[in-house]
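Asker: Here's a structure for you.
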Amino acid sequence: MNPQCARCGKIVYPTEKVSCLDKNWHKGCFSCEVCKMTLNMKNYKGYDKKPYCNA
């Protein structure tokens, strides 16, 4: 069974999955908790199991 997205709660299929911070995300849902900027594996900072941008 496919996992659920940590942001939207919908099913995440392998082609759109980002696994980070012990959670699974859609690529478009992996965004900063504060400013909502879309993030990737190179530009995020994790804090308290939540993604943030560098700003």
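Since every read-out is calculated from the coordinates, none of them should be taken as a lab result. Everything quoted here is computed from the prediction, not taken from an experiment. We place every Cβ from the backbone using ideal geometry, glycine too, and count neighbours over all the protein chains shown.
Asker: For MET41 and CYS8, compute 0.36 nm times the residue count separating them, minus their Cα-Cα distance, and round to one decimal in nm.
Answerer: Value of the extension gain: 10.0 nm.
Asker: Tally Lys/Arg at +1 and Asp/Glu at -1 over every other residue whose Cβ is under 14 Å from the Cβ of LYS17; what's the total?
Answerer: Its environment carries a net charge of +2.
Asker: Sticking with this one: Count charges around GLN4 for me, please; just the other residues with Cβ under 14 Å from its Cβ, Lys/Arg as +1, Asp/Glu as -1.
Answerer: +2
Asker: I would also like to ask the following. Given an 8 Å cut-off on Cα distances and at least 6 residues of separation, report the relative contact order of the chain as a percent.
Answerer: Taking the mean separation of contacting Cα pairs over the length of the chain, I get 25 percent.
Asker: Mind giving me the nanometre distance, one decimal, between the label points for LYS17 and ALA55, set 7 Å out from Cα along Cα→Cβ?
Answerer: Once both label points are built, they end up 3.2 nm from each other.
Asker: Something else about it: How would the chain be classified by its alpha-carbon gyration tensor: rounded, prolate or oblate, with rounded meaning a/c under 1.5 and the a/b versus b/c comparison settling the rest?
Answerer: Judged from the Cα gyration tensor, the chain comes out prolate (a/c at least 1.5, a/b above b/c).
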